[in-house]
């Protein structure tokens, strides 16, 4: 490890990372379409980086609706390999941080491999910190999406679902989460303790397949959520569903869920899901077709992402 565990965070460069993607899973071929990095040294932002990338594949309609990044915007942009030297420069010698950062790292690792590099070999044994893991230890599981958590802690998000804006918001969120335990004066080992233990650039297990946070939470809680969905006719619809599992069907990732509208089990393509919203208990009518009142918590997908 290039840093002493006893060093205060203010003495260690921090790199906040966020990616937008074509879909929910790097393992199943989805690609990065935008990357944002905020580098902080001695408590000051010293560099910000944002770049649209040509993924060489189609962007799902749900991602276009959520991020505003269209196919036309990425066609002809640099490929990830073209930006690799600048990215390595920004991330080298830092602690890597993100919100549900294992998702971002899964995509970065896949793109490094396509470029003939290994993420961990290039950056070394750097520590990784995740604001989701810190938040879950403070507030419990559920409702820890970047936008909701930021507002809960008095931070107005810079924007939503664009890579640099989300990296900037994550940096503000990390500062707020650290305030009560010493801010950037906290030691690296104590910061690691705040998230429940160490993380590295490589996954905890070879079979790990990280999903977007909001999709993870919907599956874990198995409770009703409002789904905004782009249907086959390119119409944006809303329906209450109870998520059950993720399956691969005909080469595409799908969400299997009980649909309250149809009162039946249905499958939905992940890349057509725009967002999921928590539906508070008591706000769904007995027929279960729609919420009576719109107060609900946004569980927007991709941070991507991530999607009859």
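Only the coordinates and a few stated rules stand behind these numbers; no lab work does. Keep in mind it's a predicted model, so treat the numbers as computed, not measured. Positions of Cβ are backbone-derived with ideal geometry, glycine not excepted, and every protein chain shown enters the neighbour counts.
So here's what we get for this one:
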item: Inter-site label distance for residue 205 and residue 265 at 7 Å from Cα along Cβ, in nm; result: 2.4
item: 125, 25 arranged by Cβ crowding within 10 Å, fewest neighbours leading; result: 125, 25
item: Contour minus Cα-Cα distance for residue 223 and residue 159 (0.36 nm per residue); result: 20.3 nm
item: Ranking of 174, 16 by count of other Cβ atoms within 10 Å, fewest first; result: 174, 16
item: Additional length obtainable on full extension of the chain from residue 189 to residue 4, 0.36 nm per residue less Cα span; result: 65.7 nm
item: Taking all pairs of distinct alpha-carbon atoms in the chain, Kirkwood radius in angstrom; result: 19.7
item: Using a Förster distance of 45 Å, the FRET efficiency for residue 256-residue 45 (Cβ separation, nearest 0.05); result: 0.55
item: Shape of region 143-221, Cα gyration tensor, a/c cut at 1.5; result: oblate
item: Segment residue 58-residue 141, length gained on full extension (0.36 nm per residue, minus Cα span); result: 26.6 nm
item: Anisotropy class of region 19-120 from Cα gyration tensor, a/c 1.5 cut; result: prolate
item: Ranked 117, 222, criterion: other C-beta atoms within 10 Å, fewest first; result: 222, 117
item: Percent of Cα pairs exceeding the 15 Å cut-off, where the set is region 104-160; result: 62
item: Two-site label geometry, residue 181 and residue 86: point separation in nm, points 7 Å out along Cα→Cβ; result: 3.4
item: Debye intensity ratio I(q)/I(0), log10, region 62-105, q values 0.25, 0.26, 0.30 Å⁻¹ (C-alpha model); result: -1.01, -1.00, -0.99
